[in-house]
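First the structure, in the form of structure tokens, and then the observations on it.
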Amino acid sequence: MWRRLGFLSPAISSSKRQNRIPESLKLVMLFATDAVKDDITASRRPFITFVLGGPGSGKGTQCARIASAFGFAHLSAGDLLREEMSCDSKKGKLIRDIIMEGKIVPSEITVHLIKEAIMSSSADRFLIDGFPRSEENRIAFETIIGVEPNLVLFFDCPEEEMVKRVLGRNQGRIDDNIETIKKRLKVFEMLNLPVINYYSAKGKLYKINATGTVDEIFEKVRHLFGSLRP
């Protein structure tokens, strides 16, 4: 049960031409040249858990409980991007520019932020919340980090329940937000299903029925993570 990156760097013959490099490519180049020097796999082998689930599945709430009860460091890909953007750094400004343009931050960039967070932490167990969101994310992680996750936790929740939860926590917004939520859920299913199927076939996926109260769901999670304790 438990068991490309490459990118083409254009030839630059003048400063004028260099200024025409797309911002997204500049950002990938910046992260690649400022990569973490220490290799994770060379220095240690942390226990890595991917935590997947649609918006409203409760994965963030459960991650906080798992981290507190079992000594995991909780890393959220979204939080890491927001933290980098809040810094007055070249990387943060470039990430902000990409998002402001409505574009998706390249997988390599998110993975390098995750890698830096792992390397700078003294923890030996990590929950990576909301990542990978797609096969491209998965391949980037395994290529850059050099390891697969030890465990993939999937909070399986009916669409109607996720819609109700998201609407409940977004009180004050207009009711037609339900259409936006449903679109997000369809995108999640389309992109995440291949990742879920991939790790299921490798025997690394553990599915949690994410209906019920927070305490009821955590009881299911606690049983799983309790068996991981030394």
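The values are calculated or read from the model by the stated rules, or taken from the named source; none is laboratory data. Since the model is a prediction, treat every value here as computed from it, not as a measurement. Using ideal geometry, Cβ is built from the backbone for each residue, glycine included, and neighbour counts are taken over all protein chains shown.
I'm trying to understand the selection: among the residues of the stretch 194-230, which are among the hydrophobic types (A, V, I, L, M, F, W, C), surrounded by 13 or more Cβ atoms within 10 Å (Cβ to Cβ) and under 21 Å from VAL147 (Cα atoms)?
From the stretch 194-230, those among the hydrophobic types (A, V, I, L, M, F, W, C) are 195-196, 201, 205, 208, 210, 214, 217-218, 221, 224-225, 228; that's our starting set.
Add one more test, that the residue is surrounded by 13 or more Cβ atoms within 10 Å (Cβ to Cβ), and what stays is 195-196, 205, 208, 210, 217-218, 221, 224-225, 228.
Passing the criteria: VAL195, ILE196, LEU205, PHE225, LEU228.
Can you pull out the residues in the stretch 201-225 that are part of a helix (DSSP H, G or I), at pLDDT 90 or above and out of contact with any strand residue (DSSP E or B) (no Cβ under 9 Å at 6 or more places or on another chain)? Before you say what the answer is, go through the steps one by one.
Applying the first criterion (part of a helix (DSSP H, G or I)) to the stretch 201-225 yields 201, 214-225.
After this cut, where a residue has to be at pLDDT 90 or above as well, the list is 201, 214-222.
Matches in the stretch 201-225: ALA201, VAL214, ASP215, GLU216, PHE218, GLU219, ARG222.
The residue of the stretch 119-148 that is nearest to GLY54 (Cα to Cα), among those that are buried (at least 19 other Cβ atoms within 10 Å of the Cβ) and hydrophobic (A, V, I, L, M, F, W, C), is PHE131.
For the stretch 96-118: of the residues being touching a helix residue (DSSP H, G or I) at 6+ places or on another chain (Cβ under 7 Å) and in a loop (DSSP other than H, G, I, E, B), which is modelled with the lowest pLDDT?
Pass one, the stretch 96-118, residues touching a helix residue (DSSP H, G or I) at 6+ places or on another chain (Cβ under 7 Å): 96-98, 103, 105-115, 117-118.
Now restrict to residues that are in a loop (DSSP other than H, G, I, E, B): 103, 105-106.
Numbers: LYS103: 77, VAL105: 84, PRO106: 88.
Per the criteria, the residue is LYS103.
Test LEU228 against the stated conditions and say whether it is more than 14 Å from the chain's Cα centre (by Cα) and assigned to a loop (DSSP other than H, G, I, E, B). Yes, satisfied. For the stretch 164-200, a tally of residues being modelled with pLDDT of 90 or more and β-branched (Val, Ile, Thr) returns 2. For the stretch 73-88, the criterion of being more than 22 Å from ILE208 (Cα to Cα), modelled with pLDDT under 90, assigned to a loop (DSSP other than H, G, I, E, B) and not aromatic (Phe, Trp, Tyr) is met by at least one residue.
Do you know which residues across the stretch 50-96 are within 12 Å of the chain's Cα centre (by Cα) and either surrounded by fewer than 16 Cβ atoms within 10 Å (Cβ to Cβ) or not small (Gly, Ala, Ser) (or both)? Across the stretch 50-96, the qualifying residues are PHE50, VAL51, LEU52, LYS59, HIS74, LEU75, GLY78, ASP79, LEU80, LEU81.
Of the residues screened, PHE50 is one that is assigned to a strand (DSSP E or B) and under 18 Å from TYR199 (Cβ atoms).
For the stretch 49-67, a residue qualifies if it is polar (S, T, N, Q) and out of contact with any strand residue (DSSP E or B) (no Cβ under 9 Å at 6 or more places or on another chain), and exactly one does: THR61. For the stretch 97-118, filtering for residues that are crowded, with 22+ Cβ neighbours inside 10 Å and among the acidic types (Asp, Glu) leaves 1. Would you confirm whether any residue within the stretch 119-126 is modelled with pLDDT of 90 or more and closer than 15 Å to LYS59 by Cα? Yes; the residues of the stretch 119-126 include at least one that is modelled with pLDDT of 90 or more and closer than 15 Å to LYS59 by Cα. Just one of the listed residues (ARG44, ARG4, ARG17) is under 30 Å from LEU228 (Cβ atoms), surrounded by fewer than 17 Cβ atoms within 10 Å (Cβ to Cβ) and either at pLDDT 85 or above or out of contact with any Cys (no Cβ under 9 Å at 6 or more places or on another chain) (or both), and it is ARG44.
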